[in-house]
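Each remark here refers to the structure printed beneath this line.
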Amino acid sequence: SAVISQKPSRDICQRGTSLTIQCQVDSQVTMMFWYRQQPGQSLTLIATANQGSEATYESGFVIDKFPISRPNLTFSTLTVSNMSPEDSSIYLCSVDTREVTDTQYFGPGTRLTVL
Amino acid sequence: KNEVEQSPQNLTAQEGEFITINCSYSVGISALHWLQQHPGGGIVSLFMLSSGKKKHGRLIATINIQEKHSSLHITASHPRDSAVYICAVQPNDYKLSFGAGTTVTVRA
């Protein structure tokens, strides 16, 4: 199994500021993903975080708004830049461990409120 | 049209009742996931299926690849089963496409 922790668990931020969310996994994994869940909506993939290279962003998400780092196989960060109230969401990281086990694991999420 | 459709959107059951949540999808997949999300937001992976049926405790998940359909069953439901259940499909890579979720409320 994989245990994933995220920091912070929640935050309230002012418009125009930036927040960096950390994702730590207790084992080395190749694939890490960042998702957004807006209020009342299902999850939407923001990007795939690749170790040693730039993240791969989905349509509608750009690096300037959501810069991602992946310095090693157990850690990643997502920054939400120049925030607006529309960025209020739960942000989740997940890992795919099918190299070892037959499932995908999700972090506990970061609940962000932008005022 | 969403690639993944779940029904019902909401479900209320009495404790002890048998619950079924359905998931239909329109794309070819290598696997289907059932996830559980509690009010705090954290998501737990319940099952990953590519064929047949899996059982874990009171939870049973089935999939019919030909019909592009999966069901999640909860037997002898309990108030602690109250959560949002999400179906997600995995095309032939690591990305997931998510259904809108089914909100399950089990009353004591």
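The numbers here are math on the coordinates, done by the rules we state, and not lab data. The model shown is predicted, which means the values in this text are computed figures rather than measured ones. So basically every Cβ, Gly included, is an ideal-geometry build from the backbone, and we count neighbours across all protein chains shown.
Counted by neighbouring Cβ atoms within 10 Å, the residues B:56, B:38 run from fewest to most as B:56, B:38. About its Cα centre, the dipole of the protein assembly as shown is roughly 320 debye, where the only charges are +1 on Lys and Arg Cβ and -1 on Asp and Glu Cβ.
The relative contact order of chain A, computed from alpha carbon pairs under 8 Å that lie at least 6 residues apart in sequence, is 36 percent.
Look at A:64, B:81, B:93, A:11 and count the other Cβ atoms within 10 Å of each Cβ; fewest to most, that gives A:64, B:93, A:11, B:81.
Working from label points 7 Å from Cα in the Cα-to-Cβ sense, the residue B:65 to residue A:81 distance is 4.3 nm. In terms of the Cα gyration tensor, with a ≥ b ≥ c the square roots of its eigenvalues, is region B:68-108 rounded because a/c is under 1.5, prolate because a/b exceeds b/c, or oblate? Taking the square roots of the gyration eigenvalues as a ≥ b ≥ c, region B:68-108 is prolate.
Modelled spin-label separation between residue A:14 and residue B:80, with each label point placed 7 Å from Cα along the Cα-to-Cβ direction: 4.4 nm. Note on chain A: Kirkwood radius taken over Cα pairs, Stokes-Einstein applied at 20 °C and 1.002 mPa s, translational D equal to 152 µm² s⁻¹.
Here region B:1-55 is assigned +1 on the Cβ of each Lys and Arg and -1 on the Cβ of each Asp and Glu. Its dipole about the Cα centre then comes out at about 220 debye.
Above 21 angstrom, tally the Cα pairs of the protein assembly as shown and express them as a % of all pairs, no decimals. In whole percent, the share of Cα-Cα pairs in the protein assembly as shown beyond 21 Å is 55.
In whole Å, what three semi-axes, largest first, describe the equivalent ellipsoid of chain B built from its Cα gyration tensor (square root of 5 times each eigenvalue)?
Largest first, chain B gives 23, 14, 12 Å.
Put in line by how crowded their Cβ is, counting other Cβ atoms within 10 Å and starting with the fewest, B:86, A:4 read A:4, B:86.
Between residue A:7 and residue A:54, the simple label model (points 7 Å from Cα in the Cβ direction) yields a spacing of 2.9 nm.
Charge dipole of chain B (Cα centre as origin; +1 on each Lys and Arg Cβ, -1 on each Asp and Glu Cβ, all else neutral): 180 debye, rounded to the nearest 20.
Under 5 Å from the amide H of residue B:47 lie the amide H atoms of B:34, each residue being 5 or more positions distant or on a separate chain, with H modelled from the backbone and absent for Pro and chain starts. Applying the Karplus relation 6.51 cos²θ - 1.76 cosθ + 1.60 with θ = phi - 60° to region B:73-84 yields 3J(HN,Hα) values of 10, 10, 8, 6, 4, 9, x, 6, 7, 5, 5, 9 Hz, where x marks Gly and Pro.
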